[in-house]
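Data block below; observations after.
The values are calculated or read from the model by the stated rules, or taken from the named source; none is laboratory data. These numbers were taken from a predicted model, which means no experiment stands behind them. Here Cβ is always computed from backbone atoms with ideal geometry, including for glycine, and neighbour counts include all displayed protein chains. For accessibility, only protein heavy atoms count, side chains too; no ligands or nucleic acids. Shrake-Rupley method; radii C 1.70, N 1.55, O 1.52, S 1.80 Å.
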Amino acid sequence: MASSSGVLMRLVASAYAIADKAGLIVRKVMAGGDLGIVEKCGANDLQTKADRLVQMSICSSLARKFPKVTIIAEEDLPSQELDEDLLEDGQCEEILKKACPQQYAAIKEEEAGADAVLGRTIWGVLGLGAFGFQLKEMPAGKHIITTTRSHSSKLVNDCVSAMNPDSVVRVGGAGNKIIQLVEGKASAYVFASPGCKKWDTCAPEAILHAVGGKLTDIHGNFFQYNKEVKHMNSGGVLAALRNHEYYASRVPEAVKQALVP
């Protein structure tokens, strides 16, 4: 089955299996009790043993199966050979059974980029849909904003307030915020800060766009994902499952001027 599937579907099927492996690695580290925390760039930028092992597992597993794929990762890419226990060679057969959307049928391995996420395994392809959750929309006219839990600032709070929200949900992680949108727990994700990076938004954006949502910077510009672009999302993040234009229209001009794309 794998040999007859297009590159994209084989890549997604592998990423699914690798994400499951990464989850097992994280749980094993947590159960062991020694998180191995180190500072990368100061006290507010920490890295755990799980971060390091998962990075090595994801990158090495993908590189071994797809040697021509460009891999852009948060931590340094592994340079040494890994223990086979950290590697994942399997693929999700359910994904391989699905037909690749026509617009991606001819994609070559060297034209693809790769990323994987931890936790509940959710996946999606534009033109095919998103899977692993139950899509649900917020009631019309309800405005619940999800935003950062640990990186608030005056700029962030001013932008959130400008949305005139009924309530605000503060959770960690870009992926977690997108889940709030697709599961009907929030209507918009607003982050008026340059704090997150391309590897934070690329996988969640794929899920959101696959179900008809929209994720941009605060100015309404779509993000580009390739090896030449800067990693920082310096223009902030604005996402919604529906009515993205409404939320974009309420971003204060002062916020736009403060965040350079």
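Among the residues of the range 138-164, which ones are surrounded by 20 or more Cβ atoms within 10 Å (Cβ to Cβ) and of a type in the set (Ser, Thr, Tyr)?
THR146, THR147, THR148
Residue pairs, Cβ under 6 Å, 6 or more apart or interchain, first in the range 142-159 and within 11 Å of GLY172 (Cβ to Cβ), second assigned to a strand (DSSP E or B) and among the polar types (S, T, N, Q). List them.
That search, which allows pairs on different chains as well, returns nothing.
Does ASP51 satisfy being at pLDDT 85 or above, open to solvent by 50 Å² or more (accessible area, probe 1.4 Å) and not hydrophobic (A, V, I, L, M, F, W, C)?
So ASP51 does not fit the description; no.
Out of the range 248-261, which residues are in a loop (DSSP other than H, G, I, E, B) and more than 27 Å from GLY141 (Cβ to Cβ)?
Those that are in a loop (DSSP other than H, G, I, E, B) and more than 27 Å from GLY141 (Cβ to Cβ): LEU259, VAL260, PRO261.
Does GLU245 fit the bill of being over 20 Å from TRP123 (Cα atoms), part of a helix (DSSP H, G or I) and either free of Cβ contacts under 8 Å to residues at least 12 places away in the same chain or not basic (Lys, Arg) (or both)?
Considered against the rule, which asks whether it is over 20 Å from TRP123 (Cα atoms), part of a helix (DSSP H, G or I) and either free of Cβ contacts under 8 Å to residues at least 12 places away in the same chain or not basic (Lys, Arg) (or both), GLU245 comes out as yes.
Looking only at strands (runs of 3 or more DSSP E) that lie completely in the range 165-236, which have at least 3 residues being in contact (Cβ under 8 Å) with a residue 40 or more places away in the chain and open to solvent by less than 30 Å² (accessible area, probe 1.4 Å)?
Here the list reads 188-191.
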